[in-house]
1. Report, by residue number, each residue of the stretch 3-15 that is in contact (Cβ under 8 Å) with a residue 24 or more places away in the chain, of a type outside the set (Ser, Thr, Tyr) and in a loop (DSSP other than H, G, I, E, B).
2. Restricting to the stretch 16-43, and then to whatever is exposed (fewer than 13 other Cβ atoms within 10 Å of the Cβ) and free of Cβ contacts under 8 Å to residues at least 40 places away in the same chain, can you tell me which residue is nearest to the chain's Cα centre (by Cα)?
3. Condition test on Leu99, is it in contact (Cβ under 8 Å) with a residue 40 or more places away in the chain and of a type outside the set (D, E, K, R)?
4. Which residues, counting only those in the stretch 30-46, are over 22 Å from Gln65 (Cβ atoms) and in a helix (DSSP H, G or I)?
5. Take the residues of the stretch 136-177 that are at pLDDT 85 or above and of a type in the set (S, T, N, Q): which is nearest to Lys73 (Cα to Cα)?
6. Evaluate the following for Glu82: is it surrounded by fewer than 16 Cβ atoms within 10 Å (Cβ to Cβ) and acidic (Asp, Glu)?
7. For Arg5, indicate whether it is surrounded by fewer than 22 Cβ atoms within 10 Å (Cβ to Cβ) and either more than 29 Å from Ser100 (Cβ to Cβ) or small (Gly, Ala, Ser) (or both).
8. Could you list, in sequence order, all residues of the stretch 118-145 that are within 17 Å of Met86 (Cα to Cα) and surrounded by 21 or more Cβ atoms within 10 Å (Cβ to Cβ)?
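The values are calculated or read from the model by the stated rules, or taken from the named source; none is laboratory data. A quick note: this is a predicted structure, and the numbers were derived from the prediction, not measured. Don't worry about glycine lacking a Cβ; one is built from the backbone with ideal geometry, like all the others, and counts go over all protein chains shown.
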Amino acid sequence: MYFPRVVNRMLITWFGCGLVPLAPGTAGSIGALPLCWALAMYAPLWVRLVVAIGVTAIAILGSAQDQLETATKDPQYIVIDEVAGMLWTTLLLDAQSPLSLGLGIGFVLFRIFDMTKPPPANLFDRASKTSPSTFRRGAHIVLDDVVAGLYSLAILTFILHQFRAAIDAAFNAALAR
């Protein structure tokens, strides 16, 4: 056991987001947005990186513990992996970024990659259901979302970089009204 059972359940469901009966993964991703916003607004890149690594590690340990305690392989109520994925997606957003737009695009990209699971995310997803080791199942539950987050980060960064001038012009026009 890595965490007291109640604490682990609170973390892996991301304070209850994973208990939503319809689309708990989406609820977990939405539940991650305030943390992503706060880090982008107030934390330097190195802090955002440490938090992303730390949440990923906690997610692996918490998911592994759940796999040890229950018979359900890769249950939908575990959404801390979505939180880790969203942290990786928004890693390069900061207070100078068009933050609301970046969070919105990042959220959509992450959900697309999380649902479609392009390689190697699909391999981690498959292993989360078939690995005989509870620790490995816990790691695989999380790593498919980390991969989705890294894909999302790459595309989000490209979009914001390529369209920066147009985004800035649109925001300035909106503010001038």
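1. The answer is Phe3, Trp14.
2. Only one residue fits best here, namely Pro34.
3. Details: in contact (Cβ under 8 Å) with a residue 40 or more places away in the chain: yes; of a type outside the set (D, E, K, R): yes.
Against the criterion (in contact (Cβ under 8 Å) with a residue 40 or more places away in the chain and of a type outside the set (D, E, K, R)), Leu99 qualifies.
4. Taking the stretch 30-46 as the starting set, the residues that turn out to be over 22 Å from Gln65 (Cβ atoms) are 30, 33-34, 36-46.
Once the filter is applied, which keeps residues that are over 22 Å from Gln65 (Cβ atoms) and in a helix (DSSP H, G or I), the stretch 30-46 yields Ile30, Leu33, Pro34, Cys36, Trp37, Ala38, Leu39, Ala40, Met41, Tyr42, Leu45, Trp46.
5. Checked the stretch 136-177; the qualifying residue nearest to Lys73 (Cα to Cα) is Ser152.
6. Values: surrounded by fewer than 16 Cβ atoms within 10 Å (Cβ to Cβ): no; acidic (Asp, Glu): yes.
In short, no.
7. Numbers: surrounded by fewer than 22 Cβ atoms within 10 Å (Cβ to Cβ): yes; either more than 29 Å from Ser100 (Cβ to Cβ) or small (Gly, Ala, Ser) (or both): yes.
Yes, satisfied.
8. Ala121, Ala139, His140, Ile141, Val142, Leu143, Asp144, Asp145
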